[in-house]
Number of protein chains: 2
Amino acid sequence: MKAVRIHNYGDASTLSYEDAPMPSISSNNDVLIRVIAASVNPVDWKIREGLLAQMIPYSLPLTLGWDVSGVIEAVGSTFSKFKVGDAVYSRPDIKRNGTYAEYVVIHEDEVAHKPKTISHIEAAALPLAGITAWEAMFTTAQLKAGQSVLIHAGSGGVGCLAVQLAKSQGAYVIATTSGKNRAFVESLGADQVIDYRSQRFEDVISDVDVVFDTMGGDVQESSWSVLKPGGILVSIISPPSTEKAAALSVRSAFVFIEPNAKILEELAELVDVGKLRPIIGAEFALQDIAKAHALSETGHTVGKIVLYVGLP
Amino acid sequence: MKAVRIHNYGDASTLSYEDAPMPSISSNNDVLIRVIAASVNPVDWKIREGLLAQMIPYSLPLTLGWDVSGVIEAVGSTFSKFKVGDAVYSRPDIKRNGTYAEYVVIHEDEVAHKPKTISHIEAAALPLAGITAWEAMFTTAQLKAGQSVLIHAGSGGVGCLAVQLAKSQGAYVIATTSGKNRAFVESLGADQVIDYRSQRFEDVISDVDVVFDTMGGDVQESSWSVLKPGGILVSIISPPSTEKAAALSVRSAFVFIEPNAKILEELAELVDVGKLRPIIGAEFALQDIAKAHALSETGHTVGKIVLYVGLP
């Protein structure tokens, strides 16, 4: 089968669209998925660069990509919750070979039925970003109706979904973005949009219940001051200082994203009742993966970058 | 290039996935589009059956399909409003070869920039059905905020969009559907959903401003009685009786759909601000077109059937 693999860590030129062995089911709980679409996440090029090599001892060559929508081709057990032909989507374990490939094997606990009312292309844009937003805001920060949340980069891959999810929960949603995306982020449901190019968010808002940090660095540092006492700063980029949190009588958390089929089921339902929509910023064929990574690395894409891999 | 053509009129077995000549730009106003996605409409299999052959003297072989999303490959004039590489979508003239093909030539007045926030796959689901709903309800029936509209088959390819469009206009939306799709049609914005399997709509509602008939036959006949005086019955299936309309002091209209880039621009904007979403009911590769037609002919698909044709 065709796959995009790396044989060594490095820049986008290490991405090789090539023949790779067909993956095989290695346990009762595995399913083989024929990939129709995948999507690009920052973790893809971080792994490509070798930034996670200390944490996860990958054996190269490695197939990148950890978002998929496709069709069940084989199941590891007759007791599987899936049957051949089911349309499914997943954010699989990043410790295994990924989804930039015509076929991928995934533990079935990481797989869910895809939303019914969108294509595989849109469905592939949801899993990783959607689970990330859900885990950060709901599981970790326990965001509730009536609370306020500041979402950094509201037009980004995770931010687009976070704004919609927070809104669907009944929260008061404040989002930062660059001015040209203001109307778009409002259209996703943001109650207040802050143009980070013309305003410092910490000058404009205060007493926020939850800050969702998708940027890290200075943005994270400046976020402390807008929290109300007892509020929480939750980051998906780098662990916020626990000393700082204690000194300010606020809470902080770092969320490391794991596969979660339960959340995928919730996301699919929200999509099918019209409360959540994936936002597609750019589309590429799998073989144009180097262009897709280059675009992702600019950090300026609205929504998600999707990859066409196979036919439905 | 590859295309799906018919060499004679008939059933789905006449559909031939085959090599066809590359279409060429024949005027200043033509553009050549590389097709990424197409979608299936009832008109496709009506033309395949030869039902329109009296009206339109097609020369066979004919490439079917009149919905497309893709990329501008060439323009007929340097004064074109498009440039090579633009992502566009269209419902082209049904008198020319269609979009079940890797390339199609279309008059640029029938083409618009595709919505930015959805994939080509979803974009291909919009043009024909969206223009149809818009022309019937807005251009023809002049549906206004506060008026009521009965939309037949609210979960169908046209109905799904009609419900959302009517709602976005501020109308009171009543839709018929079969019971299992009730929650879905409500989620599209319908204020009242009538299960046509358990209730006769004419027993439940009356004094409606607009009826949008997407079914014809008995459904159209029974629709007269629910109109308020001065109300309008607009059909896309068959011309309602003008005598009947006059006798009842109501109005009637039959809408024959023409390409309309202006409406496509409006639809794209509604999509990008989150007020309209294409509903995908099934996905096929172009070469599986016979299966796609068979499904379309059942008349029971929720939303639209889309075809994957090329890579982005």
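Computed values, structure above
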| item | result |
| --- | --- |
| With DNA, RNA and ligands ignored, accessible area of A:GLU265 (1.4 Å probe; Å², nearest 10) | 80 Å² |
| Positions from region B:294-312 whose accessible area shrinks by 40 Å² or more when the full protein complex is built, not the chain alone, probe 1.4 Å | B:TYR308, B:LEU311, B:PRO312 |
| Label-point separation in nm, A:GLN287 to B:SER225, each point 7 Å along Cα→Cβ | 6.2 nm |
| Anisotropy class of chain B from Cα gyration tensor, a/c 1.5 cut | prolate |
| Solvent-accessible ranking of A:MET55, B:MET137, A:MET22, largest area first, probe 1.4 Å | A:MET55, A:MET22, B:MET137 |
| Average other protein chain Cβ within 10 Å of Cβ, residues B:271-282 | 4 |
| Choice from A:PRO61, A:PRO127, A:PRO21 with maximal GNM fluctuation in chain A (Cα, 10 Å cutoff) | A:PRO21 |
| Among B:ALA74, B:ALA145, B:ALA171: highest mean-square fluctuation, GNM of chain B, C-alpha pairs under 10 Å | B:ALA145 |
| Antiparallel bridges, percent of DSSP beta bridges restricted to chain B (to nearest 5) | 55 percent |
| Folded to 0 to 90 degrees: helix B:157-168 orientation relative to chain B principal axis, Cα | 60 degrees |
| With at most 13 other Cβ atoms within 10 Å, longest stretch of chain B clear of loop trypsin sites (Lys or Arg not before Pro) (DSSP) | B:201-312 |
| Nearest beta-carbon to the B/A symmetry axis - residue in chain B, distance in Å | B:ILE121, 2 |
| Approximate spin-label separation A:SER24-B:ASP207, in nm, with each point projected 7 Å along Cα-to-Cβ | 7.3 nm |
| Ellipticity estimate at 222 nm from DSSP helix runs (n ≥ 4, -39,500 (n - 2.57)) divided over chain B, nearest 500 | -6500 deg cm²/dmol |
| Per residue value of the accessible surface for region B:128-254 (all protein chains in place, 1.4 Å probe), Å² | 39 Å² |
| Most fluctuating residue given options B:ASP86, B:ASP191, B:ASP203, as computed from a GNM of chain B linking Cα atoms under 10 Å | B:ASP203 |
| Label-point separation, A:ALA12 to B:GLN199 (7 Å along Cα→Cβ), nm | 5.5 nm |
| Accessible area that becomes buried as A packs against B, both chains, 1.4 Å probe, Å², nearest 100 | 2000 Å² |
| Size of electric dipole in region B:154-312: Cβ of Lys, Arg +1 and of Asp, Glu -1, about Cα centre, debye, nearest 20 | 180 debye |
| Solvent exposure, largest accessible area first (probe 1.4 Å, DNA, RNA and ligands not counted), of A:VAL43, B:VAL40 | A:VAL43, B:VAL40 |
| Euclidean distance between Cα centres, region A:177-192 to region A:244-307, Å | 17 Å |
| Angle between chain A longest axis and helix A:289-298 axis [Cα atoms, degrees, rounded to 10] | 10 degrees |
| Interface residues in region A:116-152 - accessible area drops by 30 Å² or more relative to the isolated chain, probe 1.4 Å | A:THR117, A:SER119, A:GLU122 |
| Restricting region A:239-311 to chymotrypsin sites (Phe, Trp or Tyr not before Pro) in coil, as DSSP defines it, with at most 13 other Cβ within 10 Å | A:PHE256 |
| Residue-count net charge about B:GLY179 - beta-carbon cut-off 9 Å; Lys, Arg +1, Asp, Glu -1 | +2 |
| Highest to lowest packing among B:11-19, A:226-234, scored as the average C-beta count within 10 Å | A:226-234, B:11-19 |
| A:HIS113 accessible area, 1.4 Å probe, all protein chains in place, Å² to nearest 10 | 90 Å² |
| Directionally averaged shadow of region B:128-254, computed from the convex hull of its alpha-carbon atoms, nm² | 6.6 nm² |
| Percentage relative contact order, chain A, counting C-alpha pairs under 8 Å, at least six apart | 20 percent |
| Computed FRET value (nearest 0.05) for B:GLN192 with B:HIS300, which takes r as the C-beta separation and R₀ as 25 Å | 0.65 |
| Shape call, region A:64-196: gyration tensor on alpha carbons, a/c limit 1.5 | prolate |
| Degrees, to the nearest 10: B:261-272 long Cα axis against longest axis of chain B | 80 degrees |
| A:PHE184 accessible area, assembled protein chains, probe 1.4 Å, Å² | 30 Å² |
| Solvent-accessible area, 1.4 Å probe, carbon plus sulfur percent, for the protein assembly as shown | 52 percent |
| Accessible surface ranking that places the most exposed of A:LEU128, B:LEU64 first, with a 1.4 angstrom probe | A:LEU128, B:LEU64 |
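The values are calculated or read from the model by the stated rules, or taken from the named source; none is laboratory data. Predicted model only: the values in this text are computed from it and were never measured. Backbone-built Cβ (ideal geometry, glycine too); neighbour counts: all protein chains shown. When the accessible area is computed, the model is the full protein with side chains, heavy atoms only, and any ligands, DNA or RNA have been set aside. Shrake-Rupley method; radii C 1.70, N 1.55, O 1.52, S 1.80 Å.
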